[in-house]
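A.B. asks: To start, I am sharing the structure in question, which I have written as structure tokens.
The values are calculated or read from the model by the stated rules, or taken from the named source; none is laboratory data. Quantities reported herein were computed from a predicted structural model and do not represent experimental measurements. Don't worry about glycine lacking a Cβ; one is built from the backbone with ideal geometry, like all the others, and counts go over all protein chains shown. These accessible areas exclude ligands, DNA and RNA; they are computed on the full protein's heavy atoms, side chains included. Shrake-Rupley method; radii C 1.70, N 1.55, O 1.52, S 1.80 Å.
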Amino acid sequence: MKGLDKDQKLASIKKIISYAFLYISFMGIFYDFAYNAWICVKPIGLMLVTLRTFAFWLLYILINHLVIKRILKVNVLLIFESVLFLTLFNLFNCYSYLWNR
């Protein structure tokens, strides 16, 4: 970063922090759901875990569209959010097939 001025360095740091937030939050929500859905008491516990994960997902979307949207493109945000939703949905379906066989 020797040839960059102060504004370009700040923009690069903001992008790095934004991508780190997207990725770390994605992994946190996914692993929280995966672990808690596996060990919870079914069916009431699973409903609570699912509702809590849905609330985390909505908070993730809210933060992304209020803060991160100013730094990254909206397409990147939509990709992360939709992949997280599809991942959680598929994991829920896989767990339900395992529990109901």
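A.B. asks: Counting only residues that are touching a helix residue (DSSP H, G or I) at 6+ places or on another chain (Cβ under 9 Å) and either more than 17 Å from residue 85 (Cα to Cα) or small (Gly, Ala, Ser) (or both), how many does segment 22-42 have? Full working, then the answer.
C.D. replies: Taking segment 22-42 and keeping what is touching a helix residue (DSSP H, G or I) at 6+ places or on another chain (Cβ under 9 Å), we get 22-23, 25-26, 28-30, 32-34, 36-40, 42.
Adding the requirement that they be either more than 17 Å from residue 85 (Cα to Cα) or small (Gly, Ala, Ser) (or both) leaves 25, 28, 34, 37-40, 42.
Residues that pass the stated criteria total 8.
A.B. asks: Would you check which residues across segment 43-68 are part of a helix (DSSP H, G or I) and either on the phi > 0 side of the Ramachandran plot or among the β-branched types (Val, Ile, Thr) (or both) and list them?
C.D. replies: Matches in segment 43-68: 44, 49, 50, 53, 61, 63, 68.
A.B. asks: If you scan segment 79-101, which residues turn out to be open to solvent by 60 Å² or more (accessible area, probe 1.4 Å) and either under 26 Å from residue 64 (Cβ atoms) or in a helix (DSSP H, G or I) (or both)? If you could, list the steps in order and put the result at the bottom.
C.D. replies: Filtering segment 79-101 down to residues open to solvent by 60 Å² or more (accessible area, probe 1.4 Å) leaves 79, 83, 85-86, 89-90, 92, 94, 97-101.
The answer is 79, 83, 85, 86, 89, 90, 92, 94, 97, 98, 99.
A.B. asks: Moving on. How about segment 29-42: which of its residues are free of Cβ contacts under 8 Å to residues at least 24 places away in the same chain, part of a helix (DSSP H, G or I) and open to solvent by 40 Å² or more (accessible area, probe 1.4 Å)? Spell out the reasoning first.
C.D. replies: Of segment 29-42, the ones free of Cβ contacts under 8 Å to residues at least 24 places away in the same chain are 31, 35-36, 39-41.
Now narrow it down to the ones that are part of a helix (DSSP H, G or I): 31, 35-36, 39.
Within segment 29-42, 31, 35, 39 qualify.
A.B. asks: Quick check: is even one residue across segment 15-26 part of a helix (DSSP H, G or I), closer than 15 Å to residue 89 by Cα and within 13 Å of the chain's Cα centre (by Cα)?
C.D. replies: yes
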